[in-house]
Structure formats: C-alpha cells, structure tokens
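Asks: The structure under discussion is supplied below as structure tokens; questions concerning it will follow.
The values are calculated or read from the model by the stated rules, or taken from the named source; none is laboratory data. All values derive from a computational prediction rather than experimental measurement. All Cβ positions, glycine included, derive from the backbone under ideal geometry; neighbour counts span all protein chains shown.
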Amino acid sequence: MHADVVVIGAGQAGLSAAYALRRAGADFVVLDGNAAPGGAWQHRWPSLRLDRAHRVHPLPGLPLPDADPTDPASEVVAGYFADYERRFDLPVRRPVAVRAVHATDDGFRLDTSEGEWTARGLLNATGTWTRPFWPAYPGRELFTGRQLHAADYRGAEEFRGRHVVVVGGGTSAVQQLIEISEVTTTTWVTRRPPLWRASGFGEDAGRAAVALVDQRVRAGLPPGSVVGVTGLVETDAVLAARARGVLARLPVFDRLTADGVAWDDGRSVRADVVLWATGFRAALDHLAPLHVRGPGGGIAMDGTRVVAEPRLHLVGYGPSASTIGANRAGPRAARELLRTLVGTDAAA
C-alpha cells in the first residue's frame with residue numbers, strides 16, 4: 001500500500017494536517033492507532049466536564065458544536081472529531097498501529113498492524129497519551145497501597161475513604177486533586193512550587209512560552225514542560241479548593257514506604273493511594289529506526305521539520321504540543337512537506 005503522504009495519528013494535530021492535505025488535493029492517508037475517533041480526548045476521565053477541560057480549540061474549518069458545558073469532554077470532543085472526519089471526507093484508517101518506520105531511497109517504509117505502507121513524506125502526530133511517565137523513586141516496590149497514573153484515572157468515587165497522595169504540578173494533576181478532595185482526604189506534592197495566574201494566558205506571554213520550547217527543540221533537546229512556563233490558571237474551582245485547604249502543596253517526597261511516603265527531614269504521610277499525575281513523553285518509539293534523536297536526547301527541529309530528515313515533520317510535538325499550537329502547525333507542516341516533495345520531483 002502506498003500514499004504520497006502518510007499522517008500517523010488522528011488527534012488534533014493529525015486532523016488539522018489532514019485538512020490542509022485534503023484542500024491541497026494531495027494523495028494521503030491517516031493511520032490512527034485508536035479504535036474510534038477522538039484522539040487522546042476519548043480517553044479522558046468521564047467526570048471531566050467540558051467547561052473544566054483545559055484548552056479545547058476548534059479544528060480548522062469547523063467550529064466546535066454547541067454542547068451542554070456539563071457534558072463529559074471526552075464525549076463531546078470525540079463526537080466533534082468524528083464529525084470532522086466525515087465532513088471533510090478524511091481517509092482515516094483505524095485501528096492501525098505503526099510499529100516501525102524505515103528510510104528508503106524514495107521516502108519511508110512503515111511496518112504496521114495491517115501490513116506494509118510506503119510513503120514519500122511523513123507527518124507524525126502521535127502525541128503523548130500512549131506514553132505516560134512514571135518517575136523512579138526509592139521504595140516504589142515497597143508501597144503496599146495502590147499506584148496509578150493520571151492516564152488511568154476514571155473518577156474520584158473509587159477513592160472514597162482512602163487517603164490519596166497526588167504527585168504532579170500540571171493541569172490534570174490539579175483537576176484530579178480537586179475532584180478527589182471532594183470525597184476523601186488528599187496530600188498534594190510537586191517538584192517545584194506551582195506558578196499561579198489569576199487570568200488567562202495572554203498572546204504575548206503565550207508566544208514567549210512557545211519560543212522557549214522552540215529554542216530547546218531547535219537545539220536537539222527534549223521539549224520540556226509547557227506548564228512549567230505558562231503556569232496554572234486560578235479558576236473558580238481552584239479558588240474554592242484553596243479555601244478548603246486542598247492546595248497546601250508539599251515538596252515531593254524522597255521515597256515511598258510500605259504505608260505511605262516520607263521525606264529525609266523525618267516527615268511522613270500515610271497513604272492508601274499514590275496518583276502519579278506526572279505527565280507524558282512523546283510517543284516516538286516507532287521512529288527509532290530513522291536515528292533522528294541527537295546526543296541531547298531530543299530531535300533537532302526547524303519548526304515542525306526534522307533537521308536530519310526534511311521529509312519528516314513532527315506535529316503536536318514541542319512548541320506545537322498544545323491544541324491551539326497543533327491547529328496552526330498541522331496545516332503549515334502539510335504545506336511545507338508538499339513543497340519539499342515537489343522540490344524532490346524537480347530535482348529528479
């Protein structure tokens with residue numbers, strides 16, 4: 001099977017790129033590892049309401065649907081993505097797992113769960129959801145309670161009556177902490193003190209944050225945390241939780257024990273559950289055969305283009321990892337890749 005351009009992933013970044021490819025009349029296909037439309041949104045916890053979801057932005061060419069703000073964000077956004085695929089007749093094939101990508105003289109060979117695909121250009125939009133990050137801490141194997149990652153969180157009710165330690169300083173950590181605190185006792189720990197903002201992130205500050213991430217990927221370093229730059233918004237839910245004492249943050253512990261967590265200064269907290277809301281890493285293992293990672297552990301980028309392989313673009317990675325960033329980067333990457341392929345034809 002062959003397409004001039006293969007898009008891997010049908011989340012926000014992949015669909016925005018596919019939209020531009022469709023408008024350009026390109027020969028392309030989208031290979032998505034999920035069984036249904038919705039990208040990572042379909043896996044968000046059911047109790048996350050639309051009005052509490054972080055940064056839901058419309059895809060290019062189609063506004064978000066009118067929906068009850070109390071509806072589950074996973075259902076609303078997944079339905080919107082499905083409608084988007086139908087509306088623009090996007091050639092999405094699923095579930096197709098891309099296991100490895102190899103360079104060829106003419107482009108790429110993709111080993112997938114449905115057989116081999118070849119392509120002249122590749123737009124990778126696999127995001128991070130399938131690679132939850134579990135940090136290494138002494139004593140993790142000793143803890144007799146339950147440990148789970150934020151990716152596996154389904155709702156607060158199952159923790160009723162148990163003390164939960166929430167680890168992490170991102171938006172999901174705060175949202176899940178607040179939900180859990182409404183049914184049981186919690187302790188919140190983060191590596192760094194959280195940076196709170198009283199209002200939304202302005203355009204100038206947003207551009208500055210993106211520029212810092214872009215600077216890292218241009219240097220071939222891992223992108224780092226965008227939340228570490230942008231900070232956390234003091235929503236009504238946050239203010240109410242603070243008033244209840246829920247957001248009295250502690251520095252992250254030094255080790256886990258059989259019945260909780262402990263610090264080297266002698267402090268300890270008993271825990272029944274440790275929730276690791278410690279973020280995700282880019283899902284790029286299938287690109288390993290291309291050898292595009294540098295000695296710094298990252299991939300040197302020029303915008304979305306991989307410096308070492310100009311026929312490969314990463315969208316939804318680094319500075320385009322946010323939904324609004326993916327919306328903008330997807331079409332730009334598609335247009336740039338098509339120009340590269342045309343140039344390759346002319347050179348031949």
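Asks: Test of understanding: among 59, 148, which residue is touching a helix residue (DSSP H, G or I) at 6+ places or on another chain (Cβ under 9 Å) and among the aliphatic types (A, V, I, L, M)? Walk me through how you get there before you give the answer.
Replies: Values: 148 fails: touching a helix residue (DSSP H, G or I) at 6+ places or on another chain (Cβ under 9 Å).
Within the list 59, 148, the selection yields 59.
Asks: Read through the list (1) farther than 30 Å from residue 339 by Cα; (2) modelled with pLDDT under 95, then give the number of the only condition that residue 128 fails.
Replies: (1)
Let's see how each residue does on (1) within 24 Å of residue 255 (Cβ to Cβ); (2) surrounded by 21 or more Cβ atoms within 10 Å (Cβ to Cβ); (3) basic (Lys, Arg):
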position	(1), (2), (3)
134	yes, no, no
139	yes, no, no
142	yes, no, no
146	yes, no, yes
156	no, no, no
160	no, no, yes
163	yes, no, no
171	no, no, no
184	yes, no, no
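Asks: Return the total of residues in the stretch 232-289 being outside the structural domain of residue 178 (by TED's automatic domain parsing) and in a helix (DSSP H, G or I).
Replies: The number of residues fulfilling the criteria is 5.
Asks: For the stretch 1-117, which fully contained strands (runs of 3 or more DSSP E) count at least 3 residues that are buried (at least 19 other Cβ atoms within 10 Å of the Cβ) and modelled with pLDDT under 95? Don't jump to the end; show me each part of the working.
Replies: Details: elements: 2-8, 28-31, 98-104, 107-112.
By residue number, no strands (runs of 3 or more DSSP E) qualify.
Asks: For the stretch 180-194, indicate whether the set of residues that are farther than 20 Å from residue 40 by Cβ, in a helix (DSSP H, G or I) and touching a strand residue (DSSP E or B) at 6+ places or on another chain (Cβ under 7 Å) is non-empty. It would help to see each step written out before you state the result.
Replies: Taking the stretch 180-194 first, the residues farther than 20 Å from residue 40 by Cβ are 180-194.
Now restrict to residues that are in a helix (DSSP H, G or I): 180-181.
Filter again for touching a strand residue (DSSP E or B) at 6+ places or on another chain (Cβ under 7 Å), leaving 180.
Yes - at least one qualifying residue is present in the stretch 180-194.
Asks: Something else about it: List the residue pairs whose Cβ atoms are under 8 Å apart, where the first residue sits in the stretch 320-341 and is under 12 Å from residue 11 (Cβ atoms), the second is of a type in the set (Phe, Trp, Tyr) and modelled with pLDDT of 90 or more, and the two are 6 or more positions apart or on different chains.
Replies: As it stands, the answer is 330/19, since those pairs meet every condition given.
Asks: Which residues, taken from the stretch 238-250, are among the aliphatic types (A, V, I, L, M), surrounded by fewer than 16 Cβ atoms within 10 Å (Cβ to Cβ) and within 14 Å of residue 196 (Cα to Cα)? Give the steps one after another, and end with the answer.
Replies: Filtering the stretch 238-250 down to residues among the aliphatic types (A, V, I, L, M) leaves 238-241, 243, 246-248, 250.
Filter once more, so that each one left must be surrounded by fewer than 16 Cβ atoms within 10 Å (Cβ to Cβ): 239-240, 243, 248, 250.
Of everything in the stretch 238-250, those that are among the aliphatic types (A, V, I, L, M), surrounded by fewer than 16 Cβ atoms within 10 Å (Cβ to Cβ) and within 14 Å of residue 196 (Cα to Cα) turn out to be 239, 248.
Asks: Only one of these conditions is not met by residue 310: (1) at pLDDT 90 or above; (2) surrounded by 17 or more Cβ atoms within 10 Å (Cβ to Cβ). Which number is it?
Replies: For residue 310, the failing item is (2).
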